[in-house]
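Student: Handing you a structure now.
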Amino acid sequence: MVFNSYTFVAFFIIILFLHNLPLSWKTKKINLLLASYIFYAAWNPPFILLLWLSTVIDFYVGRALFTEENHYKKKILLVLSLIGNLGMLCFFKYGTFFLENFVILCNAIGFEFHPASPSIILPAGISFYTFTTLCYTIDMYKKKSEPVKSMLDFSLFVTFFPHLVAGPIVRPPQLVPQFEMARVASKKQLMDGLLLLSLGLFMKVVLADGMLAATADSVFDAKDMLPAIDAWIGVFAFSGQIFLDFAGYSTCAIGVALCLGFVLPQNFNYPYAAIGFSDFWKRWHITLSSWLRDYLYIPLGGNRNGKIRTYFALMVTMLLGGLWHGANWTFVVWGGLHGLYLWVEKFFRDVQNVKNKDIVKQDHHWSGFLYAFLTFMLINITWVFFRSHTFGKAWQMLESMFGTGAEGKALLTSLAIVKVMIVVPLILVFHWFMRNTKVLEVAYKLSWWSLSIVWSVVVLLLIWSQESGSSFIYFQF
C-alpha cells in the first residue's frame, strides 16, 4: 500500500475514525498495530513473519542486554542480535550480490563455479526497520535508555505504518514515550498533518512523477551517447525527482503520524541549499546520516583519534552508507564520492581553520548561494552513479555530460527540457530562501483565504495527476 493511492485514502480514513472513538488506549494501540500489519501485508503478507521475528528477538534480547551485568554475556547477546538483524538484511538484500561477486572472484582465479541463480524477493522496508531495531539493542547494550516495558509498545514502535517502509528511521526515545500515554491529534495537529500529507503527495505525484520522472528515465535508459544538454537535463531531472520523491514520502509520513497525534523526526531540511557537503548530510536523509554518525562513524573513532583515523572513519561510513542503499557497486561509488567530497572539504577547512559557524554566516550572502550551487552541481555527478545500474552506463552518461565522447542524437523534446528547467531552479531558489525556516511556519503567516486557495490548488492538481503516480523510489532500498 502506498500513500499516493486511493486505497490508502480509504485505509487512512478508517484508521482516523477508529483512533478517535472513545476506546481504551490499549485498544487504540492494538488497532494501530493491526493497521500497520495490514499496511505492510499489502506488499507481501508472508514477510510479516520477518517483522514478528525481528520484533520478538530484539524485545527480549534488548531487555536482557540492559539487565545483564556479565560483560562477556552481554557481548554474546549483542552479537546474536547483530547476527539476527544483519543476517536477515544480508540474505534478502545482498545475498544475490554477494553470490555474483563470489562467482566472479572464483572465475578470475581459474576456479569454474556456476551456481543456480537464486530467486530472492526483497522485503519492503527491511533496511529501515532493521536499523530501527538495531539502534534499540545497541542502546540497551550501552544503557543509553530504559528498555521498553510493553511488547505492544515495542511492536508498535517497530511497525508503526507511517515510518515502516521508508522512514524516517526512528529511535526508541523519539517514539516509544508517545505510546505510553493516550493521545489523539488536536485540531491544529490534524490540520497541520493533512497539510503536510497534501504537500508530500504534491511533491511526489505532481512534481516528481508528473514533471521529472519521464525525462530522467528516458535519459538514463538511453542506449547511445547523448548531447551534453540532454545528459545534463536528465541528471537534473533525477536530482529533482529523487528529492521530491523521498522528501515527499517523509513529509507524508510525518503528516500521517501527526494526524494521529504522534510526532516523527524531521528527515529533510532543504538539502539543495547546503553550503558544502557536511552541511548537505545534515539536511539530506537526516535520520540515516545521524544513525550512521552515532552507530558507525563515532564507534570507528570519529574525530577523536587524530586526522588519519577521522578520514578513515569518514570514508568507511560513507562507503557503507552507499551500500545500504542497494546491492550494487555503483551505490558504493556514490558513497565513496561523497566521502571524497567530505575529505576535500575537511582538508581545506582544517587548513583555513574554518568553523561551521563561519559557514552559517554566509546564509544571507550571494557567496553562500554560489557555494550552495557549486555543492549542488557536484552532487549531481554523484547522482549519475546512484541512478545508473552499471558502471558502463554511468561512464556513458559522464562522457555525454562533459562532451568527451562522440555526441549522440538529441533525445529530449523542448517540452521535457522546459519542465526540468522550471522545476529544478525553483527547487534551488525555494530551498535557499527556506533553508532556515519550516513550511508550517510559512503557512501560519498566510491569511486563511490565501492558504485555502493554495491548498485547494494542490489538491486539485493531485486529483488531476493521480494517474501518473508510482511507487516511491526508496521502497527498493
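The values are calculated or read from the model by the stated rules, or taken from the named source; none is laboratory data. Quantities reported herein were computed from a predicted structural model and do not represent experimental measurements. Here the Cβ is made from the backbone with ideal geometry for all residues, glycine too, and neighbour counts use every protein chain on show.
Student: When the residues of the range 157-171 are narrowed to those that are assigned to a helix (DSSP H, G or I) and at pLDDT 90 or above, which ends up surrounded by the most Cβ atoms within 10 Å (Cβ to Cβ)?
Tutor: H163
Student: Right, next: Condition check: more than 25 Å from the chain's Cα centre (by Cα) and in contact (Cβ under 8 Å) with a residue 24 or more places away in the chain. Does V61 satisfy that?
Tutor: Criteria met by V61.
Student: Restricting the first residue to the range 410-427 and requiring it to be within 13 Å of D217 (Cα to Cα) and in the same structural domain as D209 (by TED's automatic domain parsing), which pairs with a second residue that is of a type in the set (G, A, S) and surrounded by fewer than 19 Cβ atoms within 10 Å (Cβ to Cβ) meet a Cβ separation below 8 Å and a spacing of at least six or different chains?
Tutor: Cβ pairs passing all conditions: L411/S218; L412/S218; A416/A214; A416/S218.
Student: Are any of the residues in the range 128-135 of a type in the set (F, W, Y), in contact with a helix residue (DSSP H, G or I) (Cβ under 8 Å, 6 or more places away or on another chain), assigned to a helix (DSSP H, G or I) and modelled with pLDDT of 90 or more?
Tutor: no
Student: Could you please give the count of residues in the range 254-283 that are closer than 22 Å to L337 by Cα, part of a helix (DSSP H, G or I) and of a type in the set (A, V, I, L, M)?
Tutor: Summing the residues that are closer than 22 Å to L337 by Cα, part of a helix (DSSP H, G or I) and of a type in the set (A, V, I, L, M) in the range 254-283 gives 1.
Student: Taking the range 102-148, which residues are closer than 25 Å to W52 by Cα and either of a type in the set (D, E) or free of Cβ contacts under 8 Å to residues at least 24 places away in the same chain (or both)?
Tutor: Selection gives P118, S119, D139, K142, K144, E146.
Student: Also: Sort out which residues of the range 61-117 are among the hydroxyl-bearing types (S, T, Y), more than 15 Å from I138 (Cβ to Cβ) and either modelled with pLDDT of 85 or more or in the same structural domain as H325 (by TED's automatic domain parsing) (or both), and write them in order of number.
Tutor: Answer for the range 61-117, where residues must be among the hydroxyl-bearing types (S, T, Y), more than 15 Å from I138 (Cβ to Cβ) and either modelled with pLDDT of 85 or more or in the same structural domain as H325 (by TED's automatic domain parsing) (or both): T67, Y72.
Student: Here is a follow-up. Taking the conditions exactly as written (farther than 30 Å from V2 by Cβ and either under 26 Å from the mean Cα position of the chain (by Cα) or among the aromatic types (F, W, Y) (or both)), does W455 satisfy them or not?
Tutor: No.
Student: Also, quick follow-up: Is at least one residue of the range 36-52 in contact with a Leu (Cβ under 7 Å, 6 or more places away or on another chain) and either without any contact (Cβ under 8 Å) to a residue 12 or more places away in the chain or not aromatic (F, W, Y) (or both)?
Tutor: Yes; the residues of the range 36-52 include at least one that is in contact with a Leu (Cβ under 7 Å, 6 or more places away or on another chain) and either without any contact (Cβ under 8 Å) to a residue 12 or more places away in the chain or not aromatic (F, W, Y) (or both).
Student: Which one of these does A274 not meet: (1) in contact with a Pro (Cβ under 9 Å, 6 or more places away or on another chain); (2) closer than 20 Å to N436 by Cα?
Tutor: Result: A274 fails condition (1) only.
Student: Here is a further query. Kindly indicate which of D217, D139 is out of contact with any strand residue (DSSP E or B) (no Cβ under 6 Å at 6 or more places or on another chain), within 25 Å of L82 (Cβ to Cβ), of a type in the set (D, E, K, R) and not in a loop (DSSP other than H, G, I, E, B).
Tutor: Answer to the check: D139.
Student: Now a separate question. Exactly one condition in (1) surrounded by 13 or more Cβ atoms within 10 Å (Cβ to Cβ); (2) over 23 Å from T132 (Cα atoms) is not met by N107; state its number.
Tutor: That leaves (1) as the condition not met.
Student: Let me ask something else about it. Specify which of the listed residues (V165, V176, V170, V158) is under 22 Å from Y37 (Cβ atoms), of a type in the set (A, V, I, L, M, F, W, C) and without any contact (Cβ under 8 Å) to a residue 40 or more places away in the chain.
Tutor: So the residue among V165, V176, V170, V158 that is under 22 Å from Y37 (Cβ atoms), of a type in the set (A, V, I, L, M, F, W, C) and without any contact (Cβ under 8 Å) to a residue 40 or more places away in the chain is V176.
Student: Continuing with this model, one more query. Would you mind stating whether K29 is of a type outside the set (A, V, I, L, M, F, W, C), surrounded by 17 or more Cβ atoms within 10 Å (Cβ to Cβ) and under 30 Å from K144 (Cα atoms)?
Tutor: Spelling it out, K29 is indeed of a type outside the set (A, V, I, L, M, F, W, C), surrounded by 17 or more Cβ atoms within 10 Å (Cβ to Cβ) and under 30 Å from K144 (Cα atoms).
Student: Taking the range 7-25 as the region of interest, how many residues are within 15 Å of G261 (Cα to Cα) and assigned to a helix (DSSP H, G or I)?
Tutor: Residues meeting the conditions: 8.
Student: Go through (1) crowded, with 17+ Cβ neighbours inside 10 Å; (2) not in a helix (DSSP H, G or I) and name the single condition F66 misses.
Tutor: Going through the list (1) crowded, with 17+ Cβ neighbours inside 10 Å; (2) not in a helix (DSSP H, G or I), F66 breaks only (2).
Student: Right, another one. Quick one: T251 ticks every box in (1) assigned to a helix (DSSP H, G or I); (2) free of Cβ contacts under 8 Å to residues at least 60 places away in the same chain; (3) closer than 21 Å to G392 by Cβ except a single one, so which number is it?
Tutor: Evaluating T251 over (1) assigned to a helix (DSSP H, G or I); (2) free of Cβ contacts under 8 Å to residues at least 60 places away in the same chain; (3) closer than 21 Å to G392 by Cβ leaves (3) as the failure.
Student: Pairs please, first residue from the range 367-391 and outside the structural domain of F277 (by TED's automatic domain parsing) and surrounded by fewer than 20 Cβ atoms within 10 Å (Cβ to Cβ), second anywhere and outside any helix (DSSP H, G or I) and not basic (K, R), Cβ atoms under 6 Å, 6+ apart in sequence or on different chains.
Tutor: Sorted first by the residue in the range 367-391, then by its partner, the list stays empty.
Student: How many of the residues making up the range 295-317 are outside any loop (DSSP other than H, G, I, E, B), hydrophobic (A, V, I, L, M, F, W, C) and closer than 25 Å to L86 by Cα?
Tutor: Selection size over the range 295-317: 6.
Student: While we're looking at this one, here's another question. Of a type in the set (K, R), part of a helix (DSSP H, G or I) and surrounded by fewer than 24 Cβ atoms within 10 Å (Cβ to Cβ): is that true of K204 in this structure?
Tutor: Considered against the rule, which asks whether it is of a type in the set (K, R), part of a helix (DSSP H, G or I) and surrounded by fewer than 24 Cβ atoms within 10 Å (Cβ to Cβ), K204 comes out as no.
Student: Can you give me the number of residues within the range 404-452 that are small (G, A, S) and over 28 Å from L190 (Cα atoms)?
Tutor: Residues flagged as small (G, A, S) and over 28 Å from L190 (Cα atoms) within the range 404-452 amount to 6.
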